[in-house]
Each structure stands twice: as structure tokens, then as C-alpha cells.
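A quick write-up on the structure given underneath.
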Amino acid sequence: MQIDVIKQLIEKGLTGSEVILDGDGTHFQTTVVSDQFCGKSMLQRHQMVYKALGDKIGREIHALSIQALTRDEWENQKGLGVIR
């Protein structure tokens with residue numbers, strides 16, 4: 001599956017999100033930054049990303065590593081040098 005297609009699906013499902021995505025065509029790593037994650041547990045955040053991808057998970061996307069952050073969390077991690 002094309003990285004651009006996955007990115008568009010996540011951005012459409014989580015309006016206003018910032019998506020950073022890398023992968024080899026079946027295995028992907030993503031960081032999704034969205035204020036829609038505020039007040040949500042990590043499990044709920046991952047479920048939101050999976051919902052945006054629909055039936056692509058388990059079919060075209062065999063593995064997906066997700067880092068789901070609010071904008072504040074993203075900025076804090078960048079400030080600490082955790083994100084390069």
C-alpha cells in the first residue's frame with residue numbers, strides 16, 4: 001500500500017492531524033499528532049487511528065507501529081530531543 005494513501009486516510013479520519021509515516025509497503029511506522037487525542041488513553045488513540053484506516057488494517061497494512069500524541073506532547077518531546 002502506498003504511504004501517501006495511508007497518510008491521506010489518517011488525515012481524513014482525524015481532521016487537522018499531522019501525520020509522519022514511513023514503511024516498506026506492508027509494514028509501517030507512524031507518528032500522528034492531533035488535539036483530538038486530548039484526554040484519551042493510548043488504547044483509545046490507537047483505536048482512532050485504526051478506525052481511520054478501516055479495513056486496510058490486516059489486509060494491505062500488515063503491521064503498523066503508532067505513536068499518537070497531542071500537539072503539546074509532540075512539542076514537549078521535540079523540546080527534550082526525543083524526536084529528531
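The values are calculated or read from the model by the stated rules, or taken from the named source; none is laboratory data. Everything quoted here is computed from the prediction, not taken from an experiment. Cβ coordinates were reconstructed from backbone atoms using ideal geometry, including for glycine residues, and neighbour counts include every protein chain displayed.
Going through the range 15-39 one residue at a time, which ones are out of contact with any strand residue (DSSP E or B) (no Cβ under 8 Å at 6 or more places or on another chain) and either surrounded by 15 or more Cβ atoms within 10 Å (Cβ to Cβ) or in a helix (DSSP H, G or I) (or both)? Hits for the range 15-39 are D35, Q36. Taking (1) surrounded by fewer than 17 Cβ atoms within 10 Å (Cβ to Cβ); (2) in contact (Cβ under 8 Å) with a residue 24 or more places away in the chain in turn, Q8 satisfies each apart from (2). All conditions but one from (1) surrounded by fewer than 13 Cβ atoms within 10 Å (Cβ to Cβ); (2) touching a helix residue (DSSP H, G or I) at 6+ places or on another chain (Cβ under 6 Å) apply to A52; the one that does not is (1). Filtered by the rule that a residue be modelled with pLDDT under 90 and on the phi > 0 side of the Ramachandran plot, the range 51-75 gives a lone residue, G58. Just one residue in the set K12, K78 is in a helix (DSSP H, G or I), basic (K, R) and at pLDDT below 95; that residue is K78. Among the numbered conditions (1) in contact with a strand residue (DSSP E or B) (Cβ under 6 Å, 6 or more places away or on another chain); (2) free of Cβ contacts under 8 Å to residues at least 12 places away in the same chain; (3) among the basic types (K, R), the only one that R59 does not meet is (1). Tell me which residues, restricted to the range 55-66, are out of contact with any Leu (no Cβ under 9 Å at 6 or more places or on another chain) and either surrounded by 16 or more Cβ atoms within 10 Å (Cβ to Cβ) or of a type in the set (V, I, T) (or both). If the condition is that a residue be out of contact with any Leu (no Cβ under 9 Å at 6 or more places or on another chain) and either surrounded by 16 or more Cβ atoms within 10 Å (Cβ to Cβ) or of a type in the set (V, I, T) (or both), then I66 is the only one that fits. Of all the residues in the range 46-69, those that are part of a loop (DSSP other than H, G, I, E, B) and within 11 Å of the chain's Cα centre (by Cα) number 0. Can L43 be described as exposed (fewer than 11 other Cβ atoms within 10 Å of the Cβ) and either at pLDDT 95 or above or within 13 Å of the chain's Cα centre (by Cα) (or both)? In short, yes.
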